[in-house]
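Structure record follows, encoded as structure tokens.
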Amino acid sequence: MFRWEAICVGAAVRGLEGPIVVKKKSKLHLGSVVARAFREGVDDESESFTHPYDGVKKVGGYMDWMIARVSSFRRSLPHGETKEPCLG
């Protein structure tokens with residue numbers, strides 16, 4: 001068997017079976033800055049604000065961590081992509 005034939009067979013088998021890597025480890029922390037509800041006696045009054053969308057008194061500067069460094073996560077398909085073909 002020639003090398004290019006082996007490459008084609010390997011690519012076809014990989015395409016049928018799916019990806020080799022199913023789980024990955026994150027190299028970074030991933031999160032976003034969020035504002036939380038103001039807690040009387042816990043949060044500093046000078047850092048509070050009234051949120052324009054819902055009118056609730058809040059304090060900003062908190063982080064909402066989605067993925068911690070070195071945590072494992074499964075590889076998912078890109079947004080809007082499905083495994084089954086769309087027959088619409």
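Read-outs throughout are calculated quantities, based only on the coordinates presented, and are distinct from any laboratory measurement. Predicted, not measured: the structure shown is a model, and the values here were computed from it. Cβ coordinates were reconstructed from backbone atoms using ideal geometry, including for glycine residues, and neighbour counts include every protein chain displayed.
Under the Kirkwood approximation for Rh and a Cα-based Rg, what ratio Rg/Rh is obtained for region 23-74? Could the numbers behind the result be given before it?
Details: Rg = 15.3 Å, Rh = 12.9 Å.
Taking Rh as the inverse mean 1/r over Cα pairs, Rg/Rh reads 1.19.
Between Asp64 and Ser32, the distance separating the two model label sites (each 7 Å from Cα on the Cα→Cβ line) works out to 0.6 nm.
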